[in-house]
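Okay, structure first, notes after.
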Amino acid sequence: MNFDTLGLSPALLRALDEQGYTEPTPVQAAAIPVVLAGHDLMAGAQTGTGKTAAFALPLLERLYPEGKRMPLARRPRALILTPTRELAAQVQESVRSYSKHIGVKSATIFGGVGMGPQIDALRRGVDIVVATPGRLLDHMQRRTVDLADIEILVLDEADRMLDMGFLPAMKRVLSALPNQRQTLLFSATFSTEIKALASQFMRSPQEIQIAKPNSVASTVTHRVHPVNMEAKRDLLLHLLSVDGSQTLVFCRTKHGSDKLTKQLEKSGLRAAAIHGNKSQNQRTRALADFKNGRVNVLVATDIAARGLDIDQLPMVINFDLPMVAEDYVHRIGRTGRAGAEGLAISLVCRAEEGLLRDIRKLLNQEIAIENVAGFEPSQPLRLDGPGGGAKPQSGRQQHARRPHAQQPRGNGDHAAANKKRRQWRGKPMASRPS
Ligand code: AMP
């Protein structure tokens, strides 16, 4: 497939050609016709899939049919909301390059810089505003921006905006927009919060989902420890005392992660929790403490952990399995990066058998099932799926899945990474930098 079958005007095609884009990426091929037909759109696509062009190209085509230049708008006609200023700048840069033969005026509106130049740009008139929600709200309150003419709204990385606590600001922005508009929502994942937002602010959106790349590195060892629910905490403490690596622990709920963090602290571990009820400041501090070693165990919920950028994390422990198998991939994607060895441990009780089966289906990698002495569950896990009947565990180890297409292990980077991992392991908790 190439771009000229998608219904874009020559002015845009020329710009794409100059960018060196020869064919649309999957998200572009799926999204462009839907947006051009005027539908609202919910697209599941991560950074790196070409999602910016997937919304920017049809947005430009709808605002400037056939690439026709328009008199400069007095008020902006399109609004693109992004979670961060970096992304806002990047999106504006893309819009600028795709629209270079149309001549479109755009402005970025984000915090951390003076309001003055933004006010001036808005006063002079812009067609497209790319903004972060908080600063845009400031402008709305000062009446330095008027969103009454917005025809198209894009929520880019909607899940990240929610993670960053922008929901109230987003709702206020959304409520200020004309009802007659087209709304495009791009998100790596669709949590219940995102779905609620969509049902409140979108009109029968069409949905597209671009398959997520399986981001679990082949250098990660997966291990399941069957355990009774009530013994999970003690098993976690046992594992953390044996392996002193910096560890990210996943819990399903905010309350659960708070409770667990307190229990870990009581046992003398340096732990911090990171979840949606924590302020941005608290989250930033917890992450910084974890990165610099002041905290050894970071207890996180899935939502809060998304986007956490932690290099070379040696160990991730799932205290609870995620409700959605894809989240396992997200969680484990934090270890085994850049060729380093990683360890992914899941504490699985009987109530989670179904979730483990889903994960096995999704994952193309071996998961070893290992009982830990002293923590054996009262009944073994049944892993052969509904109808398959219980399969008793024989011996200490049982493989949850045969390795289908196991990647070759080991490369030049491993040695260094392993050394780093051993260094972490070697240090007792108390002697870590504080
Ligand atoms: P994004 O997911 O929007 O951040 O895009 C990721 C990268 O892919 C950016 O550097 C884009 O310039 C590039 N890109 C987007 N669409 C295409 C395409 N159809 N062909 C080649 N590169 C592309």
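Laboratory data are not the source of any read-out in this text; all were calculated from the coordinates shown. Just so you know, these numbers come straight off a predicted model, no measurement behind them. For neighbour counting, all protein chains shown are included, and Cβ atoms are generated from backbone atoms with ideal geometry for every residue, glycine included.
Taking the range 320-359 and a reference point 7 angstrom along Cα→Cβ of GLN379, the backbone N atoms nearer than 12 Å belong to 350-353. Structure note, pairs LYS278/LYS361; LYS68/LYS195; LYS100/LYS195; LYS254/LYS291; LYS68/LYS171; LYS171/LYS291: Cα-Cα distances above 31 angstrom occur for LYS278/LYS361; LYS68/LYS195; LYS100/LYS195; LYS68/LYS171; LYS171/LYS291. Would you mind getting me the FRET efficiency between MET323 and HIS238? Use the beta-carbon distance for r and R0 = 30 Å, nearest 0.05. So, using R0 = 30 Å, E works out to roughly 0.70. Under a 5 Å amide H cut-off, with hydrogens placed 1.01 Å from N, THR221 pairs with GLY342, LEU343, ALA344 among residues at least 5 apart or on other chains. Full extension of the chain segment joining ARG14 with ALA351 gains 115.7 nm, where the gain is 0.36 nm per residue of separation less the Cα-Cα distance.
For the range 2-8, the Karplus equation 6.51 cos²θ - 1.76 cosθ + 1.60, evaluated at θ = phi - 60°, returns couplings of 10, 5, 6, 8, 8, x, 9 Hz by residue, with Gly and Pro reported as x. Here, the range 3-209 is characterised by an Rg to Rh ratio of 0.93, where Rg is the alpha-carbon radius of gyration and Rh the Kirkwood radius.
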